[in-house]
Structure formats: structure tokens, C-alpha cells
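For reference, the structure is listed below as C-alpha cells.
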Amino acid sequence: MSETWTFVCATGELLPGEFKTAFDEVTGAGIVVFNLDGDLYALEDRCSHEEFELSAGSFDSAASSIECVLHGARFDIRDGRALCAPAYEPVAKFPVKVEHGGVWSRDDRD
Ligand code: FES
């Protein structure tokens, strides 16, 4: 399991209703971090339907969800669970922290 945190962006660059992306420094996995009314959540930036980048879709902060641009699956950004077809599997949720003025996350899967 990776213990190396990946810098995503400065805290001032991730305002409520926005998201930022990065690639995990160890595994290379895409990471997308959302600011939901001041709370930060990180997911793998990969739709569980056909592995398209979730960050290409639209973030609906009122519904706490992101919609994949390719076929319209939606995911809860707080836990990664699939909310509608054609996705049925969740996307991976990653830890996120704020430290030294930055937002950090990491791929913590084995
Ligand atoms: S790749 Fe995301 S819904 Fe199909």
C-alpha cells in the first residue's frame, strides 16, 4: 500500500463546487478531488463502466454527484458508489488531506 501522498493543488485553487485532478506519484492512478461546500473528497478518476475519465464529466454539488460524460452514469462523490446505470460498480475512494497550504491525496489500494 502506498504511503506517499500526491500533491493535487494549493488549497486556494480548489473552491466549493470545483474539482482538481492529479496522478498518484506511485501508482499513476488518476485522482479527482472535489470541494463539496468546503469538504474535500477524492475518487479515482476513472468511471467504473468503461474506464473513461470522470473528470471530463459534470460535477453537481447540489446532488453530491458527478456524471460521466460518455454514457451518463452518475457517482456519489462522497463514497464513489454508482447511482445509476450503466455503471453498477463503485469507483475507488481515496483519502484526502490539507497540509502545508496544499490538497493531497493518494491511491491507498493494495
Ligand atoms: S464510461 Fe462512464 S458511463 Fe460509460
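Brief remarks on what is shown
Yes/no matrix, rows are residues, columns are (1) more than 16 Å from residue 104 (Cβ to Cβ); (2) more than 10 Å from the chain's Cα centre (by Cα); (3) polar (S, T, N, Q); (4) modelled with pLDDT of 95 or more:
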| site | (1), (2), (3), (4) |
| --- | --- |
| 5 | no, yes, no, yes |
| 10 | no, yes, no, yes |
| 20 | no, no, no, yes |
| 23 | no, yes, no, yes |
| 33 | no, no, no, yes |
| 37 | yes, yes, no, yes |
| 44 | no, no, no, yes |
| 49 | yes, yes, no, yes |
| 57 | yes, yes, no, yes |
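- The set of residues in the range 30-54 that are buried (at least 20 other Cβ atoms within 10 Å of the Cβ) and part of a loop (DSSP other than H, G, I, E, B) comprises 45, 47, 48.
- Considering only residues in the range 27-69 that are β-branched (Val, Ile, Thr) and within 26 Å of residue 5 (Cα to Cα), the one that is nearest to the ligand (Cβ to nearest atom) turns out to be 66.
- Residue within the range 24-40 that is closer than 17 Å to residue 97 by Cα and in contact with a helix residue (DSSP H, G or I) (Cβ under 7 Å, 6 or more places away or on another chain) present: yes
- Filtering the range 1-23 to residues that are in contact with a Phe, Trp or Tyr (Cβ under 9 Å, 6 or more places away or on another chain) and either closer than 14 Å to residue 97 by Cα or in a strand (DSSP E or B) (or both) leaves 5, 6, 7, 8, 14, 19, 20, 22.
- Single residue of 29, 73, 63 found to be of a type in the set (Gly, Ala, Ser) and under 12 Å from the mean Cα position of the chain (by Cα): 29
- Check on residue 103, β-branched (Val, Ile, Thr) and within 16 Å of the ligand (Cβ to nearest atom): no
- Residue match in the range 70-88 (condition: closer than 21 Å to residue 5 by Cα, touching a residue at least 40 places away in the same chain (Cβ under 8 Å) and either more than 14 Å from the ligand (Cβ to nearest atom) or touching a Phe, Trp or Tyr at 6+ places or on another chain (Cβ under 6 Å) (or both)): yes
- Test: residue 83 is more than 21 Å from residue 109 (Cβ to Cβ), of a type outside the set (S, T, N, Q) and surrounded by 14 or more Cβ atoms within 10 Å (Cβ to Cβ): yes
The values are calculated or read from the model by the stated rules, or taken from the named source; none is laboratory data. The shown structure was predicted, so the numbers you read here are calculated from the model rather than taken from an experiment. We place every Cβ from the backbone using ideal geometry, glycine too, and count neighbours over all the protein chains shown.
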